[in-house]
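Okay, structure first, notes after.
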Amino acid sequence: MGKETKKIKIGLPRALHFYKYHISWEEFFERAGFELVVSPLTNQEILKKGVNLAVDESCLSLKIYLGHIDWLKDKVDYIFIPRIVSLHKKEEACTKFMSLNDIVRNTFPGLKIIEYTIDANKFRFEFFKILRTIFSLKHNPIRILQAYYYAKKKQSDYEKARIEEQTSKIKNKDPNKPMILVVSHPYTTYDSLLGKPITKFLESQGVDILYADIVDIKEALEQSKKISKDLYWTYNKELLGAIEIYKQYVDGIIFLMVFPCGPDALVINLCQNKIKDIPLSVITLDELSGEAGLKTRLESFVDILKIKKKKNGKK
Amino acid sequence: MEKNNNIKKISFPHMGNYFYALKPLALLLADEVIMPPPITKKTIELGTKHSPESACIPFKYNLGNFIEALDLGANILVQSGGGCRFGYYGEVQENILKNLGYKFEFLKFVNDFSIIKISKYIKLNNPELSYFKIFKTILFSYLRVRLIDKIEAYLRMNIGFEVKNGDFERNLKLFLNELDKSKNILDLSKLKKKYLEILKNIPTKKPQNPIRVGIVGELYVLMEPFSNFNIEKELGRRGIEVHRFCSVSSILHDIFTFDSHTKSFLKHAAPYLKYHIGAHGTESVGLANKLRKQGFDGIIHVKPFGCMPEVNAMSALHRMAKEHNFPILYFSFDSQTSETGIKTRIEAFYDMLMMKKKRDTMQI
Ligand code: SF4
Ligand code: SF4
């Protein structure tokens, strides 16, 4: 057994579901004895590459994803792409997550991919699927099982810690500062070109931010039914539930949506028609969004919230 | 006992000519069926005005149909369908319409077409009906669908070659009129005989070896000619024989056979797809690849702008087209699509296919 001679290199594109699950992925592959390469924060070059590679009408998030794969493709042996059809019975993920693997294969013929499918309506055990795939590369079952266990644990600890942090933010909030709930998919919220500039700017305007993706998922899925009964996209349900949970603490809600996003377009419209007691703002991001116009919009939204806050005096 | 003056008027959106087929079924749930006015520019303008901007175009057409039907007095609306977003259309549309101040009851059949469920649902709403009557009506509607598909399939392959412009369409109208009046299954079989006969006798002149093109893509824009600017007719006029494989019959067939179709399409889609890519995307790729192997001259792929499963399919189609030098023409429809643009692109595509055909035959 060639010890440490050549570790297999696994590439993780820093985009899409990476933002949700990366803690466990990184932990798993490192513990299992692989070398990890994570693509850098999205930059202009990655974006440009992705835009060129993707079919025109794809959502911006997918374009960025392809840009990251392009960055990784010559630096690693395999790219890790889980395929998500459904996480809970009778629910679905956006179709992008079920077609990602084939889109990548067709865009980069010959690329080597490690993949497995999660489909709550069909297979019970995501677990076995991953293991089988990994066993074929590394023949050390105990190490892999251990890695899996620690990965899951680390992820769930991390999520708990984030929720706690957000809860204490609410507890200790400055009554004079407006608080805004940012509602968007984590790969939009935390992307260095999409959400990050926006949240940074908001903070510079003296606003406290809550993030809708930081939430107890079980509770959120339950709460989402108060706004929408029929919704079946899991990730959107989580965000809707978070709105229900955090609504009482915030002065305004900002939706960030990339263009063109199928699920968000409908869900946000539903929110606009149903949530009438809190100011909402919807910001659509595409590859051409100019920063200047955006800032003016954010500024005036924050101004409205501040004025309202003064009037009401309380909270 | 009917509540005083509370006449139930039911309506549902158009798609191609299928409204005629589903009318008897809808009638089980209400006293009267309101047919939304035929789709026009106004329909799509209304729909677009009140829809979220990035909703896909079928959403906007459906919403336009609903508004026009409500204005005609409908008080029960039905939304059904199974595209990737169709399942969620209903709730969003219901809220939009309520916010506009309309009063109505909204029925949703979402992603779910089992006959038993539908009949149970009908029984629940109208307990006086017997299950026998319900099943019979479902069957009747289904056979109407089949008949429409049969007639239209013939039309599609021949309309481009008619000698006298308008012959086929005139007869289609007559057919639909009679279909609307048909009472039972016997009527349907008479109609079928009569119109197939009539259509076959319409003079056409078809070239020996016409260019054959398959049309694939998203269901709604495939099946609603207004939304695709009559693309099939446009192709036909240029002497292209158009083959379409998807219709409501084929979808129903798929449902009754547990997706056997879809599974076989995944096989046909190899090596371009390994997994399903959502709604009809898999079929688009599988069919395109199959037709390519069968020697079709080209493929036309249609979809609403931003349609997710079909955009997913395009990465596979792009690669197939490149690897095999196989012509594929893509159309995306939204409320701003211009008809002239479509015509020019079809023309260019036709010229290209002609040249390729000539070149290929010369090589042989
Ligand atoms: S949910 Fe929207 S942004 Fe996310 S992958 Fe799907 S289409 Fe893209
Ligand atoms: S399949 Fe396309 S057109 Fe149909 S609901 Fe989905 S995105 Fe819309």
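Counting Cβ atoms of other protein chains within 10 Å of each residue's Cβ and taking the mean over peptide B:93-100 gives 3. Rolling a 1.4 Å probe over the protein heavy atoms of the stretch B:9-111, with every protein chain left in place, gives an accessible area that is 54 percent carbon and sulfur.
Over all directions, average the projected area of the Cα convex hull of the protein assembly as shown and note it in nm². Its average projected convex-hull area is 35.5 nm². Note on the stretch A:28-82: Rg/Rh from C-alpha atoms, Kirkwood Rh, equals 1.04. Per residue of B:55-67, other chain Cβ atoms within 10 Å of the residue Cβ number 1 on average.
Annotation: average projected area of the stretch B:9-111 is 5.9 square nanometres, based on the convex hull of Cα atoms across all directions.
On C-alpha positions alone, give me the angle between the axis of helix B:167-181 and the longest principal axis of chain B, in degrees, nearest 10. The two axes meet at around 20 degrees. Once the Kirkwood radius over Cα pairs is known for the stretch B:207-364, the Stokes-Einstein relation at 10 °C and 1.306 mPa s delivers a diffusion coefficient of 99 µm²/s. Helix A:126-135 versus the longest principal axis of chain A: what is the Cα-based angle in degrees, 0 to 90, to the nearest 10? Once rounded, one gets 40 degrees. If you add up the charges near residue A:205, with Lys and Arg at +1 and Asp and Glu at -1, over every other residue whose beta carbon is less than 11 angstrom from its beta carbon, what do you get? Every neighbour counted, the sum reads 0.
Here is the list for the stretch B:31-132: trypsin sites (Lys or Arg not before Pro) lying in DSSP coil, each with at most 16 other C-beta atoms within 10 angstrom of its C-beta, are B:103. Ignoring ligands, DNA and RNA and using a 1.4 Å probe, state the total buried accessible area between A and B in Å², rounded to the nearest 100. In total, this chain pair buries about 3200 Å². Does the stretch B:279-364 classify as rounded, prolate or oblate by the C-alpha gyration tensor (a ≥ b ≥ c root eigenvalues; a/c under 1.5 gives rounded; else a/b over b/c gives prolate, otherwise oblate)? Oblate. By the equivalent-ellipsoid construction on the alpha carbon gyration tensor, the stretch A:128-179 comes out with semi-axes of 41, 10, 6 Å, ordered largest to smallest.
Rounded to the nearest 500, the helix-only mean residue ellipticity at 222 nm of chain A stands at -16000 deg cm²/dmol, with each DSSP H run of n ≥ 4 adding -39,500 (n - 2.57).
Straight Cα distances below 26 angstrom link residue B:192 to the lysines B:23, B:133, B:136, B:150, B:164, B:173, B:181, B:183, B:200, B:205, B:206, B:233, with same-chain residues fewer than 8 positions distant left out.
The residues neighbouring residue B:225, those whose beta-carbon lies less than 9 Å from its own, together hold a net charge of -1 under the Lys/Arg +1, Asp/Glu -1 convention.
Taking the square roots of 5 times each eigenvalue of the Cα gyration tensor of the stretch A:113-235, largest first, gives ellipsoid semi-axes of 35, 19, 15 Å. Per-residue mean of foreign Cβ neighbours for A:104-117 is 3 (Cβ atoms of other chains, 10 Å radius). Using a 1.4 Å probe over the heavy atoms of the protein chains, calculate the carbon and sulfur portion of the accessible area of the stretch A:52-102 as a whole percent. With neighbouring chains kept in place, the figure for the stretch A:52-102 is 46 percent. Given the stretch A:9-153, what whole percent of its Cα pairs are spread farther than 27 Å? Everything past 27 Å amounts to 20 percent. Remark: chain B carries a charge dipole of roughly 1000 debye about the Cα centre, counting +1 on each Lys and Arg Cβ and -1 on each Asp and Glu Cβ. Look at the alpha carbon pairs under 8 Å that are at least 6 residues apart: their mean separation over the length of the stretch A:173-314 gives a relative contact order of 29 percent. Counting only alpha carbon atoms, the long axis of helix B:41-50 and the longest principal axis of chain B meet at about 70°. For the set A:90/B:117; A:196/A:295; A:247/B:103; A:89/A:226, the pairs lying more than 21 angstrom apart at their alpha carbons are A:247/B:103. Relative to the Cα centre, the charge distribution of the protein assembly as shown, modelled as +1 at Lys and Arg Cβ and -1 at Asp and Glu Cβ, gives a dipole magnitude of about 1040 debye. Computed from the alpha carbon positions, the gyration tensor of chain B leads to an equivalent ellipsoid with semi-axes of 36, 24, 20 Å, biggest first. Under conditions of 20 °C and 1.002 mPa s, the stretch A:173-314 yields 139 µm² s⁻¹ as its translational diffusion coefficient, taking Rh as the Kirkwood radius over Cα pairs in the Stokes-Einstein equation. Per residue, the convex hull around the alpha carbon atoms of chain A comes to 138 Å³.
Spin-label model, residue A:297/residue A:146: points 7 Å from Cα along the beta carbon direction are separated by 5.1 nm. The local environment of residue B:75, defined by Cβ-Cβ distances under 9 Å, has a net charge of +2 under the rule Lys, Arg +1 and Asp, Glu -1. When only Cα pairs below 8 angstrom with a gap of at least 6 residues are kept, chain A shows a relative contact order of 17 percent. Annotation: per residue accessible area for the stretch B:268-364 equals 44 Å², rounded to a whole number [probe 1.4 Å, protein chains only]. Taken over the Cα atoms of the stretch B:126-263, the convex hull encloses 145 Å³ per residue. From zero outward in steps of 10 Å, how is the percent of C-alpha pairs of the stretch B:75-174 spread across the bins? For the stretch B:75-174, the binned pair fractions read 12, 27, 27, 24, 9, 0 percent. Its Cα centre serving as origin, the stretch A:173-314 has a Cβ charge dipole (Lys and Arg +1, Asp and Glu -1) of approximately 720 debye.
Solvent exposure of the stretch B:9-111, expressed per residue, is 35 Å² of accessible area, with all protein chains present and a 1.4 angstrom probe.
One quarter of the surface of the convex hull around the alpha-carbon atoms of the stretch B:137-206 equals 4.2 nm², the direction-averaged projected area. Return the lysines within reach of residue A:7: Cα separation strictly under 18 angstrom, same-chain partners fewer than 8 residues apart disregarded; answer none if there are no such residues. Qualifying lysines at Cα under 18 Å: A:73, A:75, A:112, A:138.
The values are calculated or read from the model by the stated rules, or taken from the named source; none is laboratory data. Keep in mind the model is a prediction, meaning the values are calculated, not measured. Backbone-built Cβ (ideal geometry, glycine too); neighbour counts: all protein chains shown. For the accessible areas, the whole protein counts, side chains as well, though only heavy atoms, and no ligand, DNA or RNA atoms are used. Shrake-Rupley method; radii C 1.70, N 1.55, O 1.52, S 1.80 Å.
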